[in-house]
Amino acid sequence: MSTSPAWPFDNSYARLPARFHARLDPTPVAGPRLIKVNHALARELGLDPDWLETPQGVAVLAGNAVPEGAAPLAAAYAGHQFGHFTPQLGDGRAILLGEVVGPDGQRRDIQLKGSGPTPFSRRGDGRAALGPVLREYLVSEAMHALGIPTTRALAAVTTGEDVFRETALPGAVVTRVAASHIRVGTFQYFAARGDIEGIRILADHAIARHYPEAATAENPHLAFLEGVVARQAALVARWLLVGFIHGVMNTDNMAVSGETIDYGPCAFMDAYDPGAVFSSIDHAGRYAYGNQPRIAQWNLTRLAETLLPLLAPEEEPALEAAKQALAGFGPAFQDAYLGGLARKMGLSDQRDGDAELTQDLLTIMAEAGADFTLAFRALGDDAALRTLFADPAALDAWLPRWRARLEDDPQSPAERQAMMRAANPAFIPRNHQVEAVITAAVQREDFGPFEELLGVLARPYEDQPGAERFQLPPKAEERVLATFCGT
Ligand code: AMP
Ligand code: MG
């Protein structure tokens, strides 16, 4: 028997003016059952993972109890969804319990997703189905293990209630941990209302939490915009380097902290295809793999528009400052992307001709439909690499060019191999494997495959003897052609 321990709450978002949020508790569910507690993350947050697994802990994770010191709320935000602006979205099925400050001094949001209706639910039921909850858990934790800034998953529970989508599905709640849930769309919410004071309060709050160095800059709000631009450019570059496709890069799904957020119809690419699209609702390919840098910049432009009144008293200089900050995106992205590609290729510096050398490899991969992850992991092992190309002629012509370039690189072979292994994961959450995990859980209440895949994805850069099957791309009949929105 353990009594409810004190959570290290300090709820700064709840202290913002009332128009920033709606205060309400999660809606209790009929039959909470624990799927998983993330022990390592719980400890980082200063929470007791064993207590979270007790009935009282599970009650909190399901929204049936609220811990002492929480200040539950649904945040207001707006957003451009597939290019169309909605002035009010908000947390329609999520409740922020509060912010904890961990033993490391870091402040992080703890949010229940799938925790019942809120004033922002519009026509939705406020709930989440088990499949999307497991996908968010797996993919966000895999991204973290890959070293990519992301929200995390602290826990998942089933609710004992059905949710109705096309059919009845088991309901679930995921406990999400984030540096914050402040989105580009949160700024748009106040901008749409002409609430410049709201924008200022939000920007200052975001600066204090995520860009403290901006507070002392000559123009703090401009420094904030520059900071968000730089982090998003680096983030999207990291996505491309592992073949990640977010799927719904709406402005309400872009966090100003620079973390990847809102895992809905996301996917990792198998065969390399810059035009790859997975989301079943992305008919125009707006959020295709190769379009993500452009869309990030589009979203950042929407953020910049909301900040204009803070950047300068006059319109012209404000516009000029915003344009300059946005112009930083291209170089920052190129720098992170080309630097990352160089590491994937085992090059310790970048020289003239490298970008072309890399682009030629990508072109050959695209033409052959070679598996992106396997091909980079096999680079250096010609026999293994050749098996990924039905007709290896183009590859055979390219390899000597790469080898000649390596001759020029100062690293020792061992250093090079270590660099390449750290840049080229062996394991990514492949869509067909995520789907198989979801099917086992939803149809057979079997969470063994979830546990197993989660364990493998925790060490993506290591060879894991016995786990080779998780490296494999889908067979023709296993291929997942579309992923569905996380609703
Ligand atoms: P998403 O596509 O998950 O980013 O969600 C877009 C908006 O719809 C957000 O405001 C969500 O809170 C809301 N939403 C999504 N699913 C539901 C649901 N089942 N019930 C209520 N609101 C929802
Ligand atoms: Mg969202």
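The values are calculated or read from the model by the stated rules, or taken from the named source; none is laboratory data. Every value quoted in this text rests on a predicted model; they were computed, and no experiment measured them. In this analysis, Cβ positions are derived from the backbone assuming ideal geometry, glycine residues included, and neighbour counts consider all displayed protein chains.
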(message) So, Arg209, is that one under 27 Å from Thr483 (Cβ atoms), touching a strand residue (DSSP E or B) at 6+ places or on another chain (Cβ under 9 Å), of a type in the set (Lys, Arg) and assigned to a helix (DSSP H, G or I) or not?
(response) no
(request) Would you check which residues across the stretch 117-132 are hydrophobic (A, V, I, L, M, F, W, C) and within 14 Å of ligand 2 (Cβ to nearest atom) and list them? (result) Phe120, Ala128
(request) Filter the stretch 359-383 down to residues that are over 27 Å from Gly258 (Cα atoms) and either among the aromatic types (Phe, Trp, Tyr) or in contact with a Leu (Cβ under 8 Å, 6 or more places away or on another chain) (or both), then give me how many there are. (result) 9
(request) Collect the residues in the stretch 40-92 that are out of contact with any His (no Cβ under 9 Å at 6 or more places or on another chain), over 20 Å from Ser115 (Cα atoms), away from ligand 2 (no atom under 16 Å from the Cβ) and not hydrophobic (A, V, I, L, M, F, W, C), keeping them in residue-number order. (result) Arg43, Glu44, Gly46, Asp48
(request) Those residues that are touching a residue at least 24 places away in the same chain (Cβ under 8 Å) and out of contact with any Phe, Trp or Tyr (no Cβ under 7 Å at 6 or more places or on another chain), I need them from the stretch 76-85; list them, please. (result) Gly79, His80, Gln81, Phe82, Gly83, Phe85
(request) Select from the stretch 350-408 the residues that are under 32 Å from the mean Cα position of the chain (by Cα) and of a type in the set (Phe, Trp, Tyr) and write down the one among them that is nearest to Tyr461 (Cα to Cα). (result) Phe376
(message) Which pairs turn up if I take residues in the stretch 44-56 that are in contact (Cβ under 8 Å) with a residue 24 or more places away in the chain and look for partners that are β-branched (Val, Ile, Thr) with beta carbon separation below 6 Å, at least 6 apart in sequence or on another chain?
(response) Leu45/Val100; Leu52/Val37
(message) Suppose we filter Leu169, Leu134, Leu202 for residues that are over 19 Å from Leu303 (Cα atoms) and either assigned to a helix (DSSP H, G or I) or in contact with a Phe, Trp or Tyr (Cβ under 6 Å, 6 or more places away or on another chain) (or both); which single one remains?
(response) Leu134
(message) Restricting to the stretch 93-116, name every residue that is closer than 13 Å to Glu161 by Cβ and either assigned to a strand (DSSP E or B) or within 16 Å of ligand 2 (Cβ to nearest atom) (or both).
(response) Gly114, Ser115
(request) Identify the residue in the stretch 262-279 that is of a type in the set (Ser, Thr, Tyr) and within 16 Å of ligand 2 (Cβ to nearest atom) and, among all such residues, is nearest to the chain's Cα centre (by Cα). (result) Tyr263
(message) List the helices (runs of 4 or more DSSP H) inside the stretch 294-393, counting only whole elements, that have at least 2 residues being crowded, with 19+ Cβ neighbours inside 10 Å.
(response) 315-327, 329-344, 354-368, 372-378
(message) Return the pair list, or none, for Cβ contacts closer than 6 Å from residues in the stretch 213-240 that are at positive phi and free of Cβ contacts under 8 Å to residues at least 60 places away in the same chain to residues that are crowded, with 20+ Cβ neighbours inside 10 Å and of a type outside the set (Val, Ile, Thr), at least 6 apart or on different chains.
(response) none
(request) Please determine, by comparing only the residues of the stretch 248-261 that are within 11 Å of ligand 2 (Cβ to nearest atom) and either among the aliphatic types (A, V, I, L, M) or at pLDDT below 95 (or both), which one is surrounded by the fewest Cβ atoms within 10 Å (Cβ to Cβ). (result) Val248
(message) Can you confirm whether Phe376 is aromatic (Phe, Trp, Tyr) and under 24 Å from Gln471 (Cα atoms)?
(response) yes
(request) For residues that are more than 9 Å from ligand 1 (Cβ to nearest atom) and within 19 Å of the chain's Cα centre (by Cα), scanning just the stretch 79-94, find the one that is surrounded by the most Cβ atoms within 10 Å (Cβ to Cβ). (result) His80
(message) Scan the stretch 140-154 and tell me whether some residue there is part of a strand (DSSP E or B), in the same structural domain as Ala75 (by TED's automatic domain parsing), away from ligand 1 (no atom under 16 Å from the Cβ) and not aromatic (Phe, Trp, Tyr).
(response) yes
(request) Go through (1) within 16 Å of ligand 1 (Cβ to nearest atom); (2) of a type outside the set (A, V, I, L, M); (3) touching an Asp or Glu at 6+ places or on another chain (Cβ under 9 Å); (4) at pLDDT 95 or above and name the single condition Gly264 misses. (result) (4)
(message) I'd like to know if the stretch 279-293 contains one or more residues that are assigned to a helix (DSSP H, G or I), in contact with an Asp or Glu (Cβ under 9 Å, 6 or more places away or on another chain) and not aromatic (Phe, Trp, Tyr).
(response) yes
(message) I'd like the residue in the stretch 129-173 that is small (Gly, Ala, Ser) and under 15 Å from Ala94 (Cα atoms) and, out of all such residues, is nearest to the chain's Cα centre (by Cα).
(response) Ala153
(request) Filter the stretch 114-126 for residues that are surrounded by 24 or more Cβ atoms within 10 Å (Cβ to Cβ) and touching a Lys or Arg at 6+ places or on another chain (Cβ under 6 Å) and give the result. (result) Gly114
(request) Name every residue in the stretch 416-431 that is free of Cβ contacts under 8 Å to residues at least 60 places away in the same chain and in a helix (DSSP H, G or I), in order of residue number. (result) Ala418, Arg421
(message) Testing Glu99 on (1) away from ligand 1 (no atom under 12 Å from the Cβ); (2) under 27 Å from Glu445 (Cβ atoms), one condition comes back false. Which one is that?
(response) (2)
